[in-house]
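One structure is given here, and the rest of the page talks about it.
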Amino acid sequence: MDVDFKNWTNHAKLISWIKEMVALCGPKEVHLCDGSEEEYKSMCDLLVKEGVFVPLAKRENSFWCASDPSDVARVEDRTFICSEKEKDAGPTNHWEDPKKMKEILLKLFDGCMQGRTMYVIPYSMGPYGSSLSLVGIEITDSPYVVANMHIMARMGKKALDVIQSDGEFVPGIHSVGCPLKEGEKGPLWPCNENKYIVHFPEERSIWSYGSGYGGNALLGKKCLALRIASAKARDEGWLAEHMLILGITNPEGEKKYFCAAFPSACGKTNLAMIDAELPGWKIECVGDDIAWMKFGKDGRLHAINPENGFFGVAPGTSMDSNPNAIKTIAKNTIFTNVALTDDKDVWWEGLSEAPEHLTTWKKESWTKGSDEKPAHPNSRFTTPAKQCPVASSEMDNPDGVPISGIIFGGRRASLEPLVYEAFSWQHGTFLGACLSSEMTAAAKGTVGKLRHDPFAMLPFCGYNMGDYFGHWLDVGAKSTEDKLPKVFHVNWFQKDESGKFIWPGFLENARVLKWMFDRSTGKVEADKKSIGLFPKKGDVDFSGLSLSDEVQEKLFAIDTAAWKKEVEGLKEYFETFKDSLPDGIKAELKNLEERIS
Ligand code: OXD
Ligand code: MN
């Protein structure tokens with residue numbers, strides 16, 4: 001098939017790769033995307049015409065859609081890091097020999113787009129003109145993916161201009177793996193039970209087959225911005241992290257930025273756009289999922305959010321938990337796998353009182369009182385980041401924002417106090433490596449079971465996690481403690497004996513952010529304790545919360561016996577990394593053991 005690249009690109013390497021993919025996948029036609037508003041509209045019109053999208057009555061330019069019930073989440077067990085050497089993928093990733101994997105993929109992709117349109121998406125992760133940004137090309141046979149990429153990335157001609165001037169791009173090929181015979185219409189949500197999400201970190205390329213959902217298919221997000229970018233960051237001395245970025249301004253007008261990493265189901269999106277309940281303070285959102293950090297000339301780490309939209313989990317999002325998210329999704333939003341109301345609006349658990357009748361994400365009729373959950377626990381909204389009422393004007397700043405603090409947190413019913421600070425960058429790196437969370441019903445696995453998720457990067461690190469810890473230590477060695485961000489650990493999820501949360505969480509978490517802010521300006525001192533630096537009494541403001549003295553004490557208690565047990569668990573966990581576990585982490589584990597004994 002002849003593709004007319006005139007007025008699109010004349011970049012030889014790009015053209016030759018697209019031609020190669022056309023020959024391999026055999027689509028019926030090729031659409032070279034321009035990223036325009038009209039293109040987005042035509043994609044949505046097409047999806048409405050096909051019956052994939054249902055236009056919503058109460059939200060301008062917004063749509064409801066439902067995936068195939070077998071294609072609802074990232075598939076970690078089908079995600080591969082195909083580095084040349086197995087050791088470079090490490091013990092926490094699935095590895096396959098790149099040559100062998102290419103053979104598998106070439107067979108799968110052979111003719112996989114038959115009867116479908118191939119879309120070629122040029123996109124930038126990060127603002128144009130930033131030395132931190134990366135450009136990718138995603139080839140896909142899913143118009144749903146094209147529509148979502150319009151929201152999630154900066155997409156279009158300008159990305160091609162970047163390729164033209166510096167030649168570099170990350171190629172990503174995606175297919176739902178559902179070719180169509182002549183005249184066949186196929187399912188509304190095409191996918192294949194055989195799924196492969198494959199990364200070649202040395203070649204810096206992505207091949208994704210069989211899924212049309214989220215991180216499996218929107219290749220800019222987890223595949224490029226985390227797995228490929230983390231491998232590139234290791235080679236080039238920067239950080240690609242699974243972190244939100246927020247800005248805090250105090251009543252005196254001083255502004256600081258923080259990044260935060262949390263495993264799934266710990267309220268990361270809620271914190272990213274928290275509606276501060278602190279008079280005179282202002283909190284702004286730069287990003288809710290990914291941060292890329294590089295040293296500026298000032299010796300400080302500066303971060304950009306490579307994304308342009310939020311792909312947020314809907315259930316649990318409400319005017320109480322996250323009013324800014326609710327306001328963000330009022331228009332121009334794609335809802336996937338939530339429930340549809342009879343008057344063509346969306347609903348999910350936790351949003352409001354359930355209506356009497358709904359259409360579930362499985363397109364079944366649902367009446368109030370039924371046991372089934374009408375929205376899938378991993379149902380999502382795809383929405384433009386700039387619609388967020390507290391979107392930071394720095395979202396497009398090519399220089400990024402200087403980071404004063406990095407926050408790690410997990411869901412722990414006991415052990416971990418409300419907040420403490422690391423003694424140093426090395427100790428902070430150790431806190432990131434130790435991160436773990438109790439699983440909720442939203443993730444596969446046993447509810448309540450502890451899952452180690454270092455830096456919340458377990459499913460997203462594009463290389464050996466042990467080397468990744470070492471890379472963090474190396475990054476710290478490039479600057480000095482006074483310029484490096486302070487590192488904090490938080491836990492919003494402590495429970496009492498009856499299983500009730502003892503900290504109110506949600507918007508009240510801003511009180512803890514305020515303490516971190518005051519630490520970063522040097523306004524308040526901290527108490528040195530066995531596991532870290534703790535707030536002095538009264539420095540985390542509890543006024544108006546009616547927390548009993550007992551609860552206030554429990555929020556900051558250190559249970560030495562439990563910590564001894566934790567250390568034993570960590571020793572065992574760290575053995576997984578064998579000789580890639582860096583000395584700095586071993587030293588911090590030993591220090592902790594000594595301090596609590
Ligand atoms: C996400 C995730 O979708 O972390 O952001 O799973
Ligand atoms: Mn995420």
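The values are calculated or read from the model by the stated rules, or taken from the named source; none is laboratory data. Predicted, not measured: the structure shown is a model, and the values here were computed from it. Don't worry about glycine lacking a Cβ; one is built from the backbone with ideal geometry, like all the others, and counts go over all protein chains shown. Accessible surface is based on the protein model in full, side chains and every heavy atom, while ligands, DNA and RNA are left aside. Shrake-Rupley method; radii C 1.70, N 1.55, O 1.52, S 1.80 Å.
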Notebook entry, point to check: Rounded to whole Å and sorted largest first, what semi-axes of the equivalent ellipsoid does the C-alpha gyration tensor of the range 306-394 yield via the square root of 5 times each eigenvalue?
Noted result: 26, 12, 10
Notebook entry, point to check: When the label point is put 7 Å from the Cα of Thr117 along its Cα-to-beta-carbon vector, which residues of the range 42-78 have a backbone N closer than 12 Å?
Noted result: 42-50
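Could you tell me the calculated FRET efficiency between Lys536 and Thr446, based on Cβ-Cβ distance and R0 = 51 angstrom, to the nearest 0.05?
Working: r = 39 Å, r/R0 = 0.76.
After rounding, the FRET efficiency stands at 0.85.
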Next item on the list: Return the distance in nm (one decimal) between the two label points of a simple spin-label model at Ala57 and Gln164, each offset 7 Å from Cα along Cα→Cβ.
Entry: 4.7 nm
Next item on the list: Classify the range 1-63 as rounded, prolate or oblate, taking a ≥ b ≥ c as the square roots of the eigenvalues of its Cα gyration tensor: rounded when a/c is under 1.5, otherwise prolate if a/b is larger than b/c and oblate if not.
Entry: prolate
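Take the alpha carbon atoms of the range 364-462, find their radius of gyration, then divide it by 2.2 N^0.38 Å using N residues; give the quotient.
Details: Rg = 18.8 Å, N = 99, 2.2 N^0.38 = 12.6 Å.
Here the Cα radius of gyration is 1.49 times the empirical estimate.
If you filter the range 37-100 for GluC sites (Glu not before Pro), then keep DSSP loop positions with at most 12 other Cβ within 10 Å, what is left?
Working: sites: Glu37, Glu38, Glu39, Glu50, Glu60, Glu76, Glu84, Glu86, Glu96; in loops: Glu60, Glu84, Glu96.
Here the sparse-neighbourhood loop sites are Glu60.
Using only the Cα atoms of the range 445-597, what semi-axes does the equivalent ellipsoid have when each is the square root of 5 times a gyration tensor eigenvalue? Give whole Å, largest first. Write down the numbers at each step before the final one.
Values: eigenvalues 167, 91, 52 Å².
Gyration-tensor ellipsoid for the range 445-597: 29, 21, 16 Å.
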Note to self: Between helix 12-25 and the chain, what is the angle of the helix's C-alpha long axis to the longest principal axis, kept within 0 to 90° and rounded to the nearest 10?
What the structure shows: 70 degrees
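Would you work out if the chain is rounded, prolate or oblate? Take a ≥ b ≥ c from the square roots of the eigenvalues of the alpha-carbon gyration tensor; rounded if a/c is under 1.5, else prolate when a/b is larger than b/c, oblate otherwise.
Values: a/c = 1.70, a/b = 1.38, b/c = 1.23.
It is prolate, given that a/c is not under 1.5 and a/b is the larger ratio.
Got the relative contact order for the range 426-514 handy, in percent, Cα pairs under 8 Å and 6 or more residues apart? Intermediate values should be presented prior to the final figure.
Numbers: 66 pairs, mean separation 18.4, N = 89.
Across the range 426-514, relative contact order equals 21 percent.
Rounded to the nearest 0.05, what FRET efficiency is calculated for Asn194 and Lys528 with R0 set to 51 Å and r the Cβ-Cβ distance?
My answer for the efficiency is 0.40.
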Next item on the list: Relative to the longest principal axis of the C-alpha atoms of the chain, give the angle of the C-alpha long axis of helix 37-50, reported between 0 and 90° and rounded to the nearest 10°.
Entry: 70 degrees
Item checked: Candidates per trypsin sites (Lys or Arg not before Pro) in the range 137-227, loop by DSSP, up to 12 other Cβ within 10 Å -> Lys181, Lys185
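On a full-extension model of 0.36 nm per residue, what is the gain between Ile15 and Ser70, subtracting their alpha-carbon distance, rounded to one decimal in nm?
Values: separation 55, 0.36 × 55 = 19.80 nm, distance 3.48 nm.
16.3 nm is the gain from fully extending Ile15 to Ser70.
Ordering Val54, Val487 by how much accessible area each has at a 1.4 Å probe, largest first, what is the list? Display every interim value, and only then the final one.
On the way: Val54 35, Val487 5 Å².
The residues order as Val54, Val487, largest area first.
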Next item on the list: Along Cα→Cβ, 7 Å out, is where each label goes; now give me the distance between the ones at Glu103 and Ser479 in nm to one decimal.
Entry: 4.7 nm
Check: Where does each of Lys297, Lys486, Lys87 land when they are ordered by accessible area, with a 1.4 Å probe and the largest first?
Finding: Lys297, Lys87, Lys486
Margin query: Ordering Asp342, Asp275, Asp288, Asp45 by accessible area with a probe of 1.4 Å, largest first, what comes out?
Written below: Asp342, Asp45, Asp275, Asp288
Margin query: Here is the link list: Lys255/Lys483; Lys181/Lys363; Lys449/Lys528; Lys486/Lys536; Lys195/Lys232; Lys6/Lys222. Which ones come out longer than 20 Å on Cα distance?
Written below: Lys181/Lys363; Lys449/Lys528; Lys195/Lys232; Lys6/Lys222
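Applying 1/(1 + (r/R0)^6) with R0 = 25 Å to the Cβ-Cβ distance of Lys282 and Lys331, what FRET efficiency is obtained, to the nearest 0.05?
Step by step, r from the Cβ atoms, then E = 0.55.
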Item checked: DSSP beta bridge pairing in the chain, given as percent antiparallel to the nearest 5 -> 65 percent
Next item on the list: Using DSSP to define loop residues, name the GluC sites (Glu not before Pro) in the range 215-274 whose beta-carbon has at most 12 other beta-carbon atoms within 10 Å.
Entry: Glu252, Glu254
Check: Using alpha-carbon positions, what is the distance between the centroids of the range 247-311 and the range 106-139, in Å?
Finding: 28 Å
Margin query: If I model a spin label at Glu593 and Ser546 as a point 7 Å from the Cα along the Cα→Cβ vector, what separation in nanometres do I get?
Written below: 4.7 nm
Check: Does anyone have the angle between helix 143-152 and the longest principal axis of the chain? Alpha-carbon axes, 0 to 90°, nearest 10?
Finding: 40 degrees
Next item on the list: Report relative contact order for the range 164-256 in percent, whole number only (criteria: Cα-Cα under 8 Å, sequence separation at least 6).
Entry: 22 percent
Note to self: Let me make sure I get this right: for the range 69-163, a, b and c are the square roots of the gyration tensor eigenvalues over alpha carbons, sorted descending. Under 1.5 in a/c it's rounded, otherwise prolate if a/b > b/c, else oblate. Which is it?
What the structure shows: oblate
Note to self: Leaving out ligands and nucleic acids, and using a 1.4 Å probe, what accessible area per residue does the range 1-117 come to in Å²?
What the structure shows: 54 Å²
Next item on the list: Would you please state which residues of the range 136-164 a label at Lys386 would reach in this model, taking the label point 7 Å out along Cα→Cβ and a backbone N cut-off of under 19 Å?
Entry: 147-162
Notebook entry, point to check: For the chain, what is the mean residue ellipticity at 222 nm derived from helices alone (per DSSP H run of n ≥ 4: -39500 (n - 2.57); sum divided by total residues; nearest 500 deg cm²/dmol)?
Noted result: -7500 deg cm²/dmol
